[in-house]
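Visitor: Quick one: the structure is below, and I'll ask about it shortly.
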Amino acid sequence: MDKPEKPKDDAADEVKTAYAKWERSNRMSLMIMKSTISLAIRGGIPEKNVAGELFTAKEFLASVEEQFKSTSKANASALIMKMLTTKYNGTSGVREHIMMMNDMAAKLNGMDMAISEGFLVHFIMTSLPAQFGPFKINYNTQKEKWKMSELIAMCVEEEERLKTEKPDFAHAAIESPKQKKINGKGKNKKDDGLGVNKASTSGTKRVFKCNHCKKPGHVRKECTKFRAWLAKKGIPFREDAGKGKKEA
């Protein structure tokens, strides 16, 4: 309520009573609002107008809103970045993932950044992992557009199907291609004990590499640098090194 005009001395009693009630209500409203704001923030919020008069409760609330406009923009930017980077990892459940994305869109709508349901449905589809590939293709080939409720139902059904057919679905959704490459690195290699690394897969051509000079094309016992190093150290060279002891 806007501030009423202060009644004159000869004003009617009803007018004076109404003004007194407004003053009391305004004073209590200001006290309640200020008590909910921390002291560190309250000091940066103006409480008087240019004429030096104290703000009414309505004016003070407008002042608070003005101070936090930039904060709202920052929150909007953070929400947008979160939406762009959020991908379904297969652990929380696809229903929860969609509801979380829907909640972020609703918050943006409250900041005058409306996101249509059709766009949000497409956006959520792009956040699903590669395991949902055939499901996405099926959606893109349909003429009908899904509503949010239909998207949730279809995604939950597809996730249940994937879990039934592929028990390791959640692990596969979490593990990135880079991690898969790292986890599989060196799995099929072994050392033959003679300083030669070779692949265990049948049909793979052996690549000899010296464990001393690290150059390909020969093994350590054939390396001239290795023999020179042994001579320098006073260690006799043995042809049967690495093959174990000979039987007597």
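Visitor: Can you tell me which residue within the stretch 39-60, out of those that are out of contact with any strand residue (DSSP E or B) (no Cβ under 8 Å at 6 or more places or on another chain) and modelled with pLDDT of 85 or more, is surrounded by the fewest Cβ atoms within 10 Å (Cβ to Cβ)?
Guide: If we filter the stretch 39-60 for residues that are out of contact with any strand residue (DSSP E or B) (no Cβ under 8 Å at 6 or more places or on another chain), which is where we start, we get 39-46, 49-53, 56-60.
Of the ones still in play, those that are also modelled with pLDDT of 85 or more are 56-60.
Values: Thr56: 19, Ala57: 19, Lys58: 13, Glu59: 19, Phe60: 20.
My answer is Lys58.
Visitor: Give the residues of the stretch 70-95 that are surrounded by 12 or more Cβ atoms within 10 Å (Cβ to Cβ) and aliphatic (A, V, I, L, M), sorted by residue number.
Guide: Ala76, Leu79, Ile80, Met83, Val94
Visitor: Determine if the stretch 106-126 includes at least one residue that is in contact with a Cys (Cβ under 9 Å, 6 or more places away or on another chain) and assigned by TED's automatic domain parsing to the domain that holds Met83. Please lay out each step first, then the result.
Guide: Step one: list which residues in the stretch 106-126 are in contact with a Cys (Cβ under 9 Å, 6 or more places away or on another chain), which gives 124-125.
If we keep only those that are assigned by TED's automatic domain parsing to the domain that holds Met83 too, we end up with 124-125.
Checked the stretch 106-126: at least one residue is in contact with a Cys (Cβ under 9 Å, 6 or more places away or on another chain) and assigned by TED's automatic domain parsing to the domain that holds Met83.
Visitor: Here's another thing I want to ask about it. Can you tell me which of Asp112, Asp103 is acidic (Asp, Glu) and either outside any helix (DSSP H, G or I) or touching a residue at least 12 places away in the same chain (Cβ under 8 Å) (or both)? Even if it seems obvious, please write down each step before you answer.
Guide: On the way: Asp103 fails: either outside any helix (DSSP H, G or I) or touching a residue at least 12 places away in the same chain (Cβ under 8 Å) (or both).
Sole residue among the options that is acidic (Asp, Glu) and either outside any helix (DSSP H, G or I) or touching a residue at least 12 places away in the same chain (Cβ under 8 Å) (or both): Asp112.
Visitor: Let me ask something additional. So which residues in the stretch 152-164 are crowded, with 18+ Cβ neighbours inside 10 Å and either more than 22 Å from the chain's Cα centre (by Cα) or not assigned by TED's automatic domain parsing to the domain that holds Glu96 (or both), if there are any at all?
Guide: Listed by number, the residues that qualify are Glu158, Leu162.
Visitor: Name the pairs whose Cβ atoms lie under 7 Å apart, with the first residue in the stretch 84-100 and assigned by TED's automatic domain parsing to the domain that holds Glu160, the second among the polar types (S, T, N, Q) and at pLDDT 90 or above, and 6 or more positions between them or separate chains?
Guide: Short answer, once both residue conditions are applied: Thr86/Ser127; Lys87/Ser127; Tyr88/Ser127.
Visitor: Which one is surrounded by the fewest Cβ atoms within 10 Å (Cβ to Cβ), of the residues in the stretch 117-135 that are under 16 Å from Ile98 (Cβ atoms) and not hydrophobic (A, V, I, L, M, F, W, C)? Walk me through it before giving the result.
Guide: Here is the first cut: in the stretch 117-135, the residues under 16 Å from Ile98 (Cβ atoms) are 117-129, 131-132, 135.
From the residues that got through so far, the ones that are not hydrophobic (A, V, I, L, M, F, W, C) too are 117-118, 122, 126-127, 129, 131.
Values: Glu117: 14, Gly118: 12, His122: 16, Thr126: 9, Ser127: 17, Pro129: 16, Gln131: 17.
Selected residue: Thr126.
The values are calculated or read from the model by the stated rules, or taken from the named source; none is laboratory data. Being a predicted model, the structure only gives us computed values, none of them experimental. With ideal geometry, Cβ positions are generated from the backbone for all residues, glycine too; neighbour counts draw on all protein chains shown.
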